[in-house]
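**Q** Dropping a structure here in structure tokens format, bear with me for questions.
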Amino acid sequence: MKTCSCISLSGGQGKTTTIFFTALLLASQGKKVLAIDADPQANLTFYLNHEVQPSQPSLFEVLTGQVEPEDSIYETQYPNLFLMPADRGLFKVSDFLSSSGTGAFVLRIRLKAVADLFDYVLIDVQPSRSQLCLTAVGASQSVLIPVEANVKGVNSLVDTLDFLQEQTHLEAFTGQILGVVPFRDRWVGNTQTIEGRQNIEAMRELAPGIPVLASIRESEKFKNAIRQGKLLADLGQRDLQYPFEQIVEALNHA
Ligand SMILES: Nc1ncnc2c1ncn2[C@@H]1O[C@H](COP(=O)(O)OP(=O)(O)OP(=O)(O)O)[C@@H](O)[C@H]1O
Ligand SMILES: [Mg+2]
């Protein structure tokens, strides 16, 4: 079982989009995938057409030890893709994790029970230095850092690298940074905008030794694909799917 999370400490950087398409792609290739929604905004849960009912356990009950992980894993409409969902109440888990003193290791320990069931576990993380973020990083053998191809994205990369470095010093994060994924990279026809090019160049300079992966281009087609629950290639947009194919390749070699 390979566990990877998408971390970026600012909102709207492409985390959920990256997890969604990577999970669909891996599942379409026959890999058993568990997607974990570790964000109380619950966007991934919504994208995968799930709504947590009051009587149903979700990530919250797993982290607080009220249920076994298997009891909070649900089928999705996609073969091979399963979901451990979130709802807005997930924010309350912070108190539990911080008072436990070992919050960074809780998810890693809980997931051991399902290690034989999945090839990949992909975790969508809330955009803040929170206990949830910490426990997701602690459970991950690798992380992806999606950031917008603009100044806000570059600043988000600085903060996120800083956070990961702290967690590495504390030995809470012992994995590798799989890559930075530039998000909403704007192209006009076949030409990348100067803004996109310069900001991606700034990312390379900021993170020497960390691969800057293929960018996710600015396009409404991604939102359409999410809405229809389809891969971009299935909508005739194979070229736009390339960043996720590259991520799958990187995950396979991680
Ligand atoms: N290629 C794209 N071009 C433009 N917009 C996109 C693209 N892909 C996704 N979006 C939209 O960009 C917004 C932000 O993306 P996303 O939700 O993946 O970011 P996020 O990092 O998960 O945000 P949050 O921090 O709030 O969880 C969403 O509304 C999404 O539909
Ligand atoms: Mg998100």
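The values are calculated or read from the model by the stated rules, or taken from the named source; none is laboratory data. The structure displayed is predicted, hence computed values, not measured ones. Every residue, glycine among them, receives a Cβ derived from its backbone with ideal geometry; neighbour counts consider all protein chains shown. Note: areas computed on protein heavy atoms with side chains; ligands, DNA, RNA excluded. Shrake-Rupley method; radii C 1.70, N 1.55, O 1.52, S 1.80 Å.
**Q** I want the local charge near Gln165. Using Cβ-Cβ distances under 13 Å, sum +1 for each Lys or Arg and -1 for each Asp or Glu among the other residues. All intermediate terms of the calculation are to be shown ahead of the outcome.
**A** Values: positive: Arg129; negative: Asp159, Asp162, Glu166, Glu171.
Computed value for this residue: -3.
**Q** Counting only the heavy atoms of the protein chains, how much of Thr22 is accessible to a 1.4 Å probe, in Å² to the nearest 10?
**A** It works out to around 0 Å².
**Q** What is the log10 of I(q)/I(0) for segment 118-254, computed with the Debye formula using one identical point scatterer on each Cα and no solvent, at q = 0.14 Å⁻¹?
**A** Computed log10 I(q)/I(0) values: -0.71.
**Q** How far apart, in nm, are the 7 Å Cα→Cβ label points at Arg197 and Asp95?
**A** 5.4 nm
**Q** Which of the peptides 219-226, 133-140 is most tightly packed, and how do the rest follow, going by the mean number of other Cβ atoms within 10 Å of each residue? Can you show the working numbers first?
**A** Details: 219-226: 15.1, 133-140: 25.6.
So the order, starting with the most tightly packed, is 133-140, 219-226.
**Q** Have a look at Gly236, Pro146, Thr76 and report the one farthest towards the positive end of the charge dipole of the chain, computed about the Cα centre with Cβ charges (Lys/Arg +1, Asp/Glu -1).
**A** It is Gly236.
**Q** Work out, step by step, the length gained on full extension between Gln53 and Ser219: first 0.36 nm times the residue separation, then minus their alpha carbon distance; give nm to one decimal. Present the calculation step by step, with values, prior to reporting the outcome.
**A** Details: separation 166, 0.36 × 166 = 59.76 nm, distance 3.35 nm.
The Gln53-Ser219 span can extend by a further 56.4 nm.
**Q** Restricting to DSSP H runs of at least four residues, report the calculated mean residue ellipticity at 222 nm for the chain, -39500 (n - 2.57) per run over all residues, nearest 500 deg cm²/dmol.
**A** Numbers: 10 runs with 106 residues, N = 254.
The helix contribution divided over the chain gives -12500 deg cm²/dmol.
**Q** Moving on. Can you list residues whose amide H is under 5 Å from Ser215's amide H, if they're 5+ apart or on another chain and H is modeled 1.01 Å from N?
**A** none
**Q** State the answer as a single residue: which of Gln198, Phe173, Thr160 lies farthest towards the positive end of the charge dipole of segment 146-224, with beta carbon charges of +1 for Lys and Arg and -1 for Asp and Glu, about the Cα centre.
**A** Towards the positive end, the residue furthest out is Gln198.
**Q** For Tyr74, Tyr242, Tyr47, Tyr120, give the ranking by accessible area with the largest first, probe 1.4 Å.
**A** On the way: Tyr74 35, Tyr242 115, Tyr47 60, Tyr120 10 Å².
Putting Tyr74, Tyr242, Tyr47, Tyr120 in descending order of accessible area: Tyr242, Tyr47, Tyr74, Tyr120.
**Q** Could you grab the relative contact order for the chain? Cα pairs under 8 Å, six or more apart, rounded to a whole percent. The partial results should precede the final answer.
**A** Numbers: 497 pairs, mean separation 60.9, N = 254.
Value for the chain: 24 percent.
**Q** Distance check, please: which entries in Lys15/Lys230; Lys31/Lys221; Lys31/Lys230; Lys92/Lys221; Lys92/Lys223 exceed 28 angstrom between their Cα atoms? It would help to have the intermediate numbers written out before the result.
**A** On the way: Lys15/Lys230 17 Å; Lys31/Lys221 25 Å; Lys31/Lys230 17 Å; Lys92/Lys221 35 Å; Lys92/Lys223 30 Å.
Correct reply: Lys92/Lys221; Lys92/Lys223.
**Q** Among Leu81, Leu231, Leu117, which one moves the most in a GNM of the chain with springs linking Cα atoms closer than 10 Å?
**A** Of Leu81, Leu231, Leu117, the Gaussian network model singles out Leu117 as fluctuating most.
**Q** Could I have the simple spin-label model distance between Thr102 and Glu249, label points 7 Å from Cα toward Cβ, reported in nm to one decimal?
**A** Calculated label separation equals 4.0 nm.
**Q** Based on a Kirkwood Rh over C-alpha pairs, give the Stokes-Einstein translational diffusion coefficient of the chain at 4 °C and viscosity 1.567 mPa s in µm²/s.
**A** 71 µm²/s
**Q** Please sort 173-179, 147-153 by packing, taking for each peptide the average over its residues of neighbouring beta carbons within 10 angstrom, highest first.
**A** 147-153, 173-179
**Q** Around Ser55, with a cut-off of 14 angstrom between Cβ atoms, what is the net charge of the other residues, counting Lys and Arg +1 and Asp and Glu -1?
**A** Result for the neighbourhood of Ser55: -4.
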